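The values are calculated or read from the model by the stated rules, or taken from the named source; none is laboratory data. Computed from a predicted structure; not experimentally measured. Glycine gets a Cβ as well: all are built from the backbone with ideal geometry, and neighbour counts include every protein chain shown. To get the accessible areas, we keep the full protein, side chains included, count just its heavy atoms, and leave off ligands, DNA and RNA. Shrake-Rupley method; radii C 1.70, N 1.55, O 1.52, S 1.80 Å.
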Amino acid sequence: QVQLVESGGGLVQPGGSLRLSCVSSGRIFTVDDMGWYRQGPGKQRELVAVISRNHYTNYSEAVEGRFTISRDDAKNTVHLQMNSLKPEDTAVYYCNFKLKLYIWTNVRDYWGQGTQVTVSS
């Protein structure tokens, strides 16, 4: 059974930085996209950043230039470096892997349990 566990969330002042990590456990054949999503209070879950197997990256306009996504394929881990944080970045952040458990299976979505990020003075 594959599990994704996020870490690195917390309380930070505006302008500060945090680094989120998502570590997978369990047998995985291959991971396609790795991504970070967030859900703020009273809002729908939204894409923050995604990185492909070829390490191409895509960011939402809200975080472009402030956040950086990276992946370690040897460890099936994804990170999100968040700089210049703003109060509107406050949300629960979820990691997402699009992966195959075995060569013969289809790509499926797997989600972490979420980590809270609060930006406040």
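Sparsely packed loop sites in segment 32-81 (the chymotrypsin sites (Phe, Trp or Tyr not before Pro) outside DSSP H, G, I, E and B with at most 14 other Cβ atoms within 10 Å) comprise Tyr56. Expressed as a whole percent, the accessible area of the chain that falls on carbon and sulfur atoms is 46 (1.4 Å probe). Residues Thr57, Thr30, sorted by accessible area with the largest first, give Thr57, Thr30 [1.4 Å probe; ligands and nucleic acids excluded].
GNM, the chain, Cα, under 10 Å: largest mean-square fluctuation among Gly35, Gly16, Gly26? Among Gly35, Gly16, Gly26, the largest mean-square fluctuation in the Gaussian network model of the chain belongs to Gly26. The modelled label-to-label distance between Phe29 and Val2, using points 7 Å beyond Cα along the C-beta direction, is 1.1 nm.
With all protein chains in place and ligands, DNA and RNA left out, the 1.4 Å accessible area ranks Asp89, Asp109 as Asp109, Asp89, largest first. Taking Pro14, Pro87, Pro41 as the candidate residues, the one with maximal mean-square fluctuation in a Gaussian network model of the chain, Cα springs under 10 Å, is Pro41. Relative to the Cα centre, the charge distribution of the chain, modelled as +1 at Lys and Arg Cβ and -1 at Asp and Glu Cβ, gives a dipole magnitude of about 240 debye. In this rough spin-label picture, where each label sits 7 Å from Cα along the Cβ direction, the Arg19-Asp73 distance is 2.2 nm.
Under the combined filter of DSSP loop state and at most 10 neighbouring Cβ atoms within 10 Å, segment 73-117 retains these chymotrypsin sites (Phe, Trp or Tyr not before Pro): Tyr102, Trp104. Taking every protein chain into account, the 1.4 Å probe leaves Ser21 with about 20 Å² of accessible area, to the nearest ten.
Note down the relative contact order for segment 1-120 as a percent, whole number, built from C-alpha pairs under 8 angstrom at least six residues apart. That works out to 36 percent.
Taking trypsin sites (Lys or Arg not before Pro) across segment 48-78, the ones in a DSSP loop with at most 16 further Cβ atoms lying within 10 angstrom of their Cβ are Arg53, Arg66, Lys75. Since only Val63, His79, Val31 are under comparison, the one whose Cα sits farthest along the positive direction of the charge dipole of the chain, derived from C-beta charges on Lys, Arg, Asp and Glu, is Val31.
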